[in-house]
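Below is one structure, written out as structure tokens, with a few remarks after it.
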Amino acid sequence: MKKRKAIIALLLVTFFNIILFIISMCTLIDCEGSSKEEAKAMIMNNPHNIRGVVSYKRAFNDLNDTQLNIAQAIGVPAIANRAEAEKQKKKLTLIESNDYYVVDELTHSVPYLIPGAAELINDIGKNFLDSLANKGLNPNKVIVTSVLRTEDDVKRLRRSNVNASMNSAHCHGTTFDISWKRFEKVEEKDGHPYESVSSEKLKLVLSEVLRDLKAANRCYVKYELKQGCFHITSRK
């Protein structure tokens, strides 16, 4: 009798161990399946037809004098300080981060442009996003790093950048800088994260957008190597 009970107890222990093993395996398979589903959830890039321009310096070589001439012709007069800039608000458009671009923290400028330049910066951001989608790249926004500079802003800027011109197109509300080093990644869509895009690929696409707008006589563009930006002046 005792021997029979021992056999039954052994069989029960073995049975429960088998059940526990099956449960563990099912849990492991489920976890692996979940990991694969999470990996699939990421929206991947599918890059194609990305060419850029042959040379940034040759494609975007509109010097300060060229940009300054049109800025003085269509922009506001040079503004002495930020108090004066506030008085010019009726002639200018406020530039704020939106669906198409991001305004960086501005240390030496104020976020205002003439209406034509405001429209241009909007079109650059929109065209850039459209181009990324057409080329199989996930969305990123351009970053605006400098806008309208008062004479006081230029003086302060020259303390850290001796190359900053006192007679700058930035002083007339026609001109802005867009970074080619940094972009604002759109993180996700409906809970699905986007795969990142390299800044070099984004720079190539941005150069195509600016090349086309320049060819359409919408703007002048200067490639700034040290500042890491495109210096852009609206022509309308």
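The values are calculated or read from the model by the stated rules, or taken from the named source; none is laboratory data. Since the structure is predicted, the reported quantities are computational estimates derived from the model, not experimental observations. Neighbour counts are summed over all protein chains in view; Cβ atoms, including those assigned to glycine, are modelled from backbone coordinates with ideal geometry.
Which numbered condition in (1) modelled with pLDDT under 95; (2) touching a helix residue (DSSP H, G or I) at 6+ places or on another chain (Cβ under 7 Å); (3) exposed (fewer than 14 other Cβ atoms within 10 Å of the Cβ) is the only one that Lys181 fails?
Result: Lys181 fails condition (1) only.
May I ask you to verify whether Glu84 is part of a loop (DSSP other than H, G, I, E, B) and either modelled with pLDDT of 95 or more or among the acidic types (Asp, Glu) (or both)?
No; evaluated as a whole, the condition is false for this residue.
Given the structure, is Ser207 within 21 Å of Val102 (Cβ to Cβ), in contact (Cβ under 8 Å) with a residue 60 or more places away in the chain and surrounded by fewer than 24 Cβ atoms within 10 Å (Cβ to Cβ)?
Answer is yes for this residue.
Considering every residue within region 67-75, establish whether at least one is of a type outside the set (S, T, N, Q), outside any helix (DSSP H, G or I), farther than 21 Å from Leu213 by Cα and in the same structural domain as Ser199 (by TED's automatic domain parsing).
No, region 67-75 contains no residue that is of a type outside the set (S, T, N, Q), outside any helix (DSSP H, G or I), farther than 21 Å from Leu213 by Cα and in the same structural domain as Ser199 (by TED's automatic domain parsing).
Restricting the search to region 182-228, which residues are within 21 Å of Val54 (Cα to Cα) and of a type in the set (Phe, Trp, Tyr)?
If the condition is that a residue be within 21 Å of Val54 (Cα to Cα) and of a type in the set (Phe, Trp, Tyr), then Tyr220, Tyr223 are the ones that fit.
So Asn217 clears everything in (1) among the polar types (S, T, N, Q); (2) within 16 Å of Leu106 (Cβ to Cβ); (3) surrounded by fewer than 15 Cβ atoms within 10 Å (Cβ to Cβ) except one condition, right? Which one?
Going through (1) among the polar types (S, T, N, Q); (2) within 16 Å of Leu106 (Cβ to Cβ); (3) surrounded by fewer than 15 Cβ atoms within 10 Å (Cβ to Cβ) one by one, Asn217 breaks only (2).
Suppose we filter Val154, Val142, Val147 for residues that are aliphatic (A, V, I, L, M) and more than 18 Å from Lys222 (Cα to Cα); which single one remains?
Going through Val154, Val142, Val147 in turn, the sole match is Val154.
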